[in-house]
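**Student:** So that we are looking at the same thing, I have put the structure below in structure tokens.
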Amino acid sequence: QAPVPSQQVPTPTISYAQTSLRINNNPTVVNSTSSAVPVYSTDVTITTGNNKVNAIQLELAFDVIHLYNVDIKPGPLFKNGVELLKKVNNQNGTISYAITSPLGQKGFSGSGVVAVITFSESGKPGDLAKINFLPKTLVTAEGTDKSVLKTAVGATFTIGGASVPSPQQNTGTPSSQP
């Protein structure tokens with residue numbers, strides 16, 4: 001006698017990935033020294049949804065033709081955080097940066113600045129420079145061992161187009177994360 005087929009009830013899938021990362025498209029001048037080479041900065045921001053984020057690994061690629069002396073430092077959300085990895089390769093145009101909340105601190109929800117990228121520009125005014133997220137970028141949160149990163153939007157901005165802070169307009173393209 002053939003076994004009676006059991007009815008499969010689909011289990012609802014819960015989307016753990018609710019976090020977005022974005023690089024600001026409007027760099028600002030940090031300081032303009034007498035050497036006449038201004039230093040610019042742009043923020044890497046996060047919006048967590050319901051995730052309680054406790055660590056971030058940023059894997060970024062930047063345009064070495066237009067950006068040099070690139071560096072990265074913790075933003076206000078991780079000002080007391082622990083830097084686990086910081087590798088900036090100005091020849092290849094890559095940044096590997098991992099930072100975690102201080103030991104014993106709960107994960108955070110909401111939005112804010114997780115890191116600040118500083119750089120100098122080269123090229124003709126009007127040239128476009130890019131900083132993009134690479135696929136290995138991930139965000140960890142309480143309650144899951146998988147990355148909770150849903151989208152990561154890089155930045156494209158105009159050389160010589162840095163401004164005083166103004167309303168954000170991000171025309172970067174979202175890159176889907178697995």
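**Student:** Within the group 30, 53, which residue is in contact with a Gly (Cβ under 7 Å, 6 or more places away or on another chain) and either at pLDDT below 95 or crowded, with 16+ Cβ neighbours inside 10 Å (or both)?
**Tutor:** Working: 30 fails: in contact with a Gly (Cβ under 7 Å, 6 or more places away or on another chain).
Among 30, 53, only 53 is in contact with a Gly (Cβ under 7 Å, 6 or more places away or on another chain) and either at pLDDT below 95 or crowded, with 16+ Cβ neighbours inside 10 Å (or both).
**Student:** Which of the residues spanning the range 66-94 are among the charged types (D, E, K, R) and assigned to a loop (DSSP other than H, G, I, E, B)? Outline the logic, then answer.
**Tutor:** Taking the range 66-94 first, the residues among the charged types (D, E, K, R) are 71, 73, 79, 83, 86-87.
Across the range 66-94, the qualifying residue is only 79.
**Student:** Collect the residues in the range 61-94 that are out of contact with any Phe, Trp or Tyr (no Cβ under 6 Å at 6 or more places or on another chain), open to solvent by less than 40 Å² (accessible area, probe 1.4 Å) and closer than 21 Å to residue 20 by Cα, keeping them in residue-number order.
**Tutor:** 61, 62, 75, 78, 81
**Student:** May I ask you to verify whether residue 19 is open to solvent by 30 Å² or more (accessible area, probe 1.4 Å), among the polar types (S, T, N, Q) and touching a Leu at 6+ places or on another chain (Cβ under 7 Å)? First the steps, then the outcome.
**Tutor:** Values: open to solvent by 30 Å² or more (accessible area, probe 1.4 Å): no; among the polar types (S, T, N, Q): yes; touching a Leu at 6+ places or on another chain (Cβ under 7 Å): yes.
The answer is no for residue 19.
**Student:** So which residues in the range 95-145 are among the small types (Gly, Ala, Ser), more than 13 Å from residue 63 (Cα to Cα), open to solvent by less than 30 Å² (accessible area, probe 1.4 Å) and not in a loop (DSSP other than H, G, I, E, B)?
**Tutor:** Listed by number, the residues that qualify are 96, 98, 112, 115, 141.
**Student:** So which residues in the range 41-50 are surrounded by fewer than 19 Cβ atoms within 10 Å (Cβ to Cβ) and part of a strand (DSSP E or B), if there are any at all?
**Tutor:** The answer is 41, 47.
**Student:** Can you tell me which residues in the range 146-158 are part of a loop (DSSP other than H, G, I, E, B) and small (Gly, Ala, Ser)? Steps first, answer last, please.
**Tutor:** Taking the range 146-158 and keeping what is part of a loop (DSSP other than H, G, I, E, B), we get 146-148, 154.
Those that are part of a loop (DSSP other than H, G, I, E, B) and small (Gly, Ala, Ser): 147, 154.
The values are calculated or read from the model by the stated rules, or taken from the named source; none is laboratory data. Since the model is a prediction, treat every value here as computed from it, not as a measurement. Reconstructed Cβ throughout: ideal geometry from the backbone, glycine too, with neighbour counts over all protein chains shown. To get the accessible areas, we keep the full protein, side chains included, count just its heavy atoms, and leave off ligands, DNA and RNA. Shrake-Rupley method; radii C 1.70, N 1.55, O 1.52, S 1.80 Å.
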